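K.L.:
Dropping the structure in here first, questions after.
The values are calculated or read from the model by the stated rules, or taken from the named source; none is laboratory data. What you are looking at is a predicted structure, and each value in this text was computed from that prediction instead of being measured. Counting neighbours? That spans all protein chains shown, and the Cβs are built from the backbone with ideal geometry, glycine included. Only protein heavy atoms, including side chains, enter the accessible area calculation; ligands, DNA and RNA are left aside. Shrake-Rupley method; radii C 1.70, N 1.55, O 1.52, S 1.80 Å.
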Amino acid sequence: MKLRDQEITDRARKVLDIAGEASPEEIKQAYRKKAKQVHPDIGERDERIMGAINQAYARLTPGKSAPTSLLENDKLVQMLINLPVDPIEQTKTYEEWMLDRFYNLGSDSIWPE
């Protein structure tokens, strides 16, 4: 099971077409390349696509923070990367995972039955 933060970071990597850990310079180059392809000033393009690319760049750049609402939009990310994505609603935040793991006596429980 992936945590929500991991899933969003993975989506940011997919949006910028970055595999694994990348240096800040590689992230910047990937961002610029993708921005040139989809910038709204270049043609009749959806501004949300550029917004998702900006959010992906901010997510992967150390020291920057940005909202992730566009990266959480399954259809938008799917359209951007041309691949199916798992719904983000299936992932959990760390806090949700902790509550489920330690306070719920379901199948994920650490308590013996």
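K.L.:
Can you tell me which of Thr9, Thr91 is out of contact with any Gly (no Cβ under 9 Å at 6 or more places or on another chain), open to solvent by less than 40 Å² (accessible area, probe 1.4 Å) and modelled with pLDDT of 85 or more?
P.N.:
When all the criteria are applied, what remains is Thr9.
Matching residues to (1) surrounded by 20 or more Cβ atoms within 10 Å (Cβ to Cβ); (2) in contact with a helix residue (DSSP H, G or I) (Cβ under 6 Å, 6 or more places away or on another chain); (3) over 26 Å from Glu96 (Cβ atoms):
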{"position": "Leu3", "(1), (2), (3)": "no, yes, no"}
{"position": "Leu16", "(1), (2), (3)": "yes, yes, yes"}
{"position": "Ala22", "(1), (2), (3)": "no, no, yes"}
{"position": "Glu26", "(1), (2), (3)": "no, no, yes"}
{"position": "Lys33", "(1), (2), (3)": "no, no, yes"}
{"position": "Gln37", "(1), (2), (3)": "no, no, yes"}
{"position": "Gln55", "(1), (2), (3)": "yes, no, no"}
{"position": "Ala66", "(1), (2), (3)": "no, yes, no"}
{"position": "Ser69", "(1), (2), (3)": "no, no, no"}
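K.L.:
From the residues in the range 39-53 that are in contact with a helix residue (DSSP H, G or I) (Cβ under 7 Å, 6 or more places away or on another chain) and either touching a residue at least 24 places away in the same chain (Cβ under 8 Å) or assigned to a helix (DSSP H, G or I) (or both), which one is most open to solvent (accessible area, probe 1.4 Å)?
P.N.:
If we filter the range 39-53 for residues that are in contact with a helix residue (DSSP H, G or I) (Cβ under 7 Å, 6 or more places away or on another chain), which is where we start, we get 39-40, 45, 48-50, 52-53.
From what's left, either touching a residue at least 24 places away in the same chain (Cβ under 8 Å) or assigned to a helix (DSSP H, G or I) (or both): 48-50, 52-53.
Working: Arg48: 107, Ile49: 29, Met50: 18, Ala52: 0, Ile53: 0 Å².
Filtering first and then ranking leaves Arg48.
K.L.:
For Leu70, which of the numbered conditions (1) modelled with pLDDT under 80; (2) not in a helix (DSSP H, G or I) fails to hold?
P.N.:
With respect to (1) modelled with pLDDT under 80; (2) not in a helix (DSSP H, G or I), Leu70 is out only on (1).
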